[in-house]
Amino acid sequence: MKFAVKAWSNGGARAGILHLGTSTIDTPSLLLSTRKGLPHFISPDLLSCLPSPESRLLHVSPLHFLEGLSMKTISKIGGLHQLLGLHDHCFVSVPRDSIQCLPEANSTNKIGASFETPCGRLLIKPVEYMEMISSTRPELWATLADEVPAWVSDKRNKTSVDRTIKWLDECISLSPASGAVFGAIVGGSSLEERRRCAQEVATRNVSGYWVGGLGLGESMDERPALLNAVIEALPEEKPRLICGLGLPEEILQGIAAGVDLFESTYIYHLTLGGFALTFPLDRTQINALNLAPSDVGSDPRKINLRATVFRKDTMPIVEGCTCYTCRNHTRAYINHLLNVHEMLAQILLEMFFPVDKGSYQCRPI
Amino acid sequence: MAGTIKGLATYQLEEIGCQIILGNTYHLALRPTSELIDELGGLHKFMNWPRALLTDSGGFQMSPVDGKPMLLTPEESIQIQNRIGADIIMALDDVVKTTITGPRIEEAMYRTLRWIDRCIAAHKRPHDQNLFGIVQGGLDPVLRDICVRGLVDRNLPGYAIGGLAGGEDKDSFWRVVAQCTATLPEDKPRYVMGVGYPLDIVVCSALGADMYDCVYPTRTARFGTALVPEGVLKLKHRAMAEDTRPIDPTCACMVCKNYTRAYIHSLVTKDAMGSQLLSFHNLYYMMQLSKNLHSSIVQGKFPEFVCNFLQKMFPKGDIPEWVCNAMEVAEIDISSCCAPFRYIQATKVQSNLNEDEIQAV
């Protein structure tokens, strides 16, 4: 892995280039969420219809495979690239998946991190996690962390930082030869603990940093300070990855603080709901936008394709958009698919998104 | 389909080699309605499918979704199908289950004949939509014959053999198909509705049928079952969890080229992606089967193809009797795939010996 900052904005935001595997990706960049390695809806042969190389980074939680596929078998098959038949993509392994593998701080203990998953509550020890990393062989992986929600006691929060650092060292010592390591940084909603954790991790031999423990109860107002406390302690030239930010505004907050890579569940929830993002990316269009919600219930940032107003709408979701969905299908067709509960609706909507979201530019609000 | 093959985009269907898709008139009439489809330029445009479409009459699925039985007249059925705009439309017929006996079957057959005239009269787009008639008559050869003659008299673009694939025994099934294909015109397509399993398609093709429709490939995919030359492969089986082979090593589809049984096993019944991938493979399998049937006939190698197909599906030679009988009538020699005992069983049918006499021998 190689990363270099290309340009700086007035604040902490920066544009960079990430070389990972066979891909060269401009940052800030959004990772695609996956379930057992494949997108939630888009089937693998349609992935090539998404813009490349922006959509080549896939977030994988190795915990997904615990439901029905042994690490031994994955290893035998040859790791994620062989398992998933995706040779042009890069895998970023983070245990937490904000949809289905949620950190369960009450059950986490000194032995391992607990997650609430579809196969029940699982306790993952560092050595088990590293076995998953060795078997799946992602290009990039984050160390195991003890993520706690914003409301825990100071004592519990402090313990989470101590544990996360200890597990970081354990993971690194068990680290396979390939794959870039991102050190996990936690600290809840305490500026002090966030700073302390970041300073510790900054001294470790890692290729980048994963900021965890966010999106677990802290408010959007608290976040910039927490992010700054972390980022200030980190070297500029190494990339930063964050999970748990949802809305575009939150992502922009992250970019403004100096984060380069994001994983968000926003797209998944929108897709399920039948929404399509329609906000413009052009600065002049943004200024002209009236951001007050309209009477129809959707706002200028997104449309709800279930609404009856789209029954006969033969426009593509966004006029002029060149994604697969907009080139081939109309709002009326997607409206119909949503009404008859056909999965193709979600497939088409998920395919529509990355064209918009993946093309975030580095500009302050 | 209700405007889409479950979980697959039109791009994928084109890749698989799908040439014609069946649209479910009943569902489309309910949502988004045939009027809306018409207003937006027809079903081809609505779903952006550049190839062929066929709609059924809407009459077969009368079971209510909203609690009200839907009474459909021939005129209404054709009107709805005219609006939807498929390339082939089906006449409204009176279908009865083949497991029923009695005067109802005869009634249904004559009604079907009366209705074909009403369908023809109501058809507003005979130049761009081909109206197929449907042969009914249950399992009664006399009734079937009357129906065939009646439909052929109307000189329709194509003919369907209906009322089958509903629970009748296989022996009765193939005999009805054989009778119909023997008497329907050679130069028009014969479409066996609701068929079906790969074996059934091979047999019906041997008997002279040309077109089929079935939900089986996609439906069975959603239950975790893959179609393979040996029959079926149940991906849910625990044994699949460690199987690193592809579903079908002889299959060239995207799923078999990229995925192991183990991975698909981890998806099926838990993640929609499992159904998607299996549906893709199963449809590809069926398209390959059709392609192979077609090319083997064109190349004059059809009997070899049939034998090869049967050998893979019945490696022990235990080919069902009904298949042997049907192939005999179709004049396809499959003796090389039948285990000797089974072949004797098949020829027993030809003789007039009854059970007791055979025991004595």
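Here are the numbers for the structure shown:
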| item | result |
| --- | --- |
| Count - residues of the stretch B:25-48 that are more than 10 Å from chain A (Cβ to nearest Cβ) and either part of a loop (DSSP other than H, G, I, E, B) or surrounded by fewer than 21 Cβ atoms within 10 Å (Cβ to Cβ) (or both) | 4 |
| Pair list, Cβ < 6 Å and 6+ apart or interchain, from the stretch B:3-17 residues that are more than 8 Å from chain A (Cβ to nearest Cβ) to residues that are hydroxyl-bearing (Ser, Thr, Tyr) and part of a helix (DSSP H, G or I) | B:16/B:284 |
| Residue B:132 being under 23 Å from residue B:319 (Cβ atoms) and surrounded by 15 or more Cβ atoms within 10 Å (Cβ to Cβ) | no |
| All positions within the stretch A:18-61 that are without any contact (Cβ under 8 Å) to a residue 60 or more places away in the chain, within 13 Å of chain B (Cβ to nearest Cβ), over 17 Å from residue A:265 (Cβ atoms) and assigned to a loop (DSSP other than H, G, I, E, B) | none |
| Options A:242, A:231, A:251; residue that is under 26 Å from residue A:125 (Cα atoms) and either crowded, with 21+ Cβ neighbours inside 10 Å or within 21 Å of the chain's Cα centre (by Cα) (or both) | A:242 |
| Among the candidates A:98, A:107, A:93, residue that is away from chain B (no Cβ under 12 Å) and touching a Gly at 6+ places or on another chain (Cβ under 7 Å) | A:98 |
| Options B:104, B:144; residue that is farther than 23 Å from residue B:44 by Cα and touching a Cys at 6+ places or on another chain (Cβ under 8 Å) | B:144 |
| Considering residues of the stretch A:206-218 that are out of contact with any Phe, Trp or Tyr (no Cβ under 7 Å at 6 or more places or on another chain) and in contact (Cβ under 8 Å) with a residue 40 or more places away in the chain only, the residue farthest from residue A:181 (Cα to Cα) | A:218 |
| Members of the stretch A:62-71 that are within 8 Å of chain B (Cβ to nearest Cβ) and either in contact with a Pro (Cβ under 9 Å, 6 or more places away or on another chain) or not in a loop (DSSP other than H, G, I, E, B) (or both) | A:65, A:67 |
| Subset of the stretch B:233-252 (residues that are of a type in the set (D, E, K, R) and in a helix (DSSP H, G or I)) | B:238, B:242 |
| Subset of the stretch A:100-110 that is within 22 Å of residue A:162 (Cα to Cα) and in contact (Cβ under 8 Å) with a residue 24 or more places away in the chain - its residue that is surrounded by the fewest Cβ atoms within 10 Å (Cβ to Cβ) | A:110 |
| Per-region count, the stretch A:315-342, residues assigned to a helix (DSSP H, G or I) and not small (Gly, Ala, Ser) | 13 |
| Number of positions in the stretch A:62-83 that are out of contact with any Ser or Thr (no Cβ under 7 Å at 6 or more places or on another chain) and either polar (S, T, N, Q) or outside the structural domain of residue A:241 (by the TED database) (or both) | 2 |
| Any hit, the stretch B:275-292, residues being more than 30 Å from residue A:88 (Cβ to Cβ), hydrophobic (A, V, I, L, M, F, W, C), in a helix (DSSP H, G or I) and touching a residue at least 12 places away in the same chain (Cβ under 8 Å) | yes |
| The stretch A:8-17, subset out of contact with any Gly (no Cβ under 8 Å at 6 or more places or on another chain) and in a strand (DSSP E or B), residue nearest to the other protein chains (Cβ to nearest Cβ) | A:17 |
| Selection within the stretch B:285-340 - in contact with an Asp or Glu (Cβ under 9 Å, 6 or more places away or on another chain) and over 21 Å from residue B:196 (Cα atoms) | B:315, B:334, B:338, B:339 |
| Of all residues in the stretch A:72-98 being in a loop (DSSP other than H, G, I, E, B) and out of contact with any strand residue (DSSP E or B) (no Cβ under 8 Å at 6 or more places or on another chain), the one that is farthest from residue B:265 (Cα to Cα) | A:87 |
| Residues that are touching a residue at least 24 places away in the same chain (Cβ under 8 Å) and either at the interface with another protein chain (Cβ under 9 Å from one of its Cβ atoms) or outside any helix (DSSP H, G or I) (or both), drawn from the stretch B:253-273 | B:253, B:254, B:255, B:265, B:266, B:268, B:269, B:272 |
| Within the stretch A:307-324, tally of residues that are under 16 Å from residue A:275 (Cα atoms) and facing chain B (nearest Cβ under 9 Å) | 1 |
| Members of the stretch A:86-99 that are buried (at least 19 other Cβ atoms within 10 Å of the Cβ) and either within 18 Å of residue A:132 (Cα to Cα) or more than 19 Å from the chain's Cα centre (by Cα) (or both) | A:90, A:91, A:92, A:93, A:94, A:95, A:96, A:97 |
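The values are calculated or read from the model by the stated rules, or taken from the named source; none is laboratory data. Owing to the predicted nature of the structure, the values given are computational and were not obtained by experimental measurement. We place every Cβ from the backbone using ideal geometry, glycine too, and count neighbours over all the protein chains shown.
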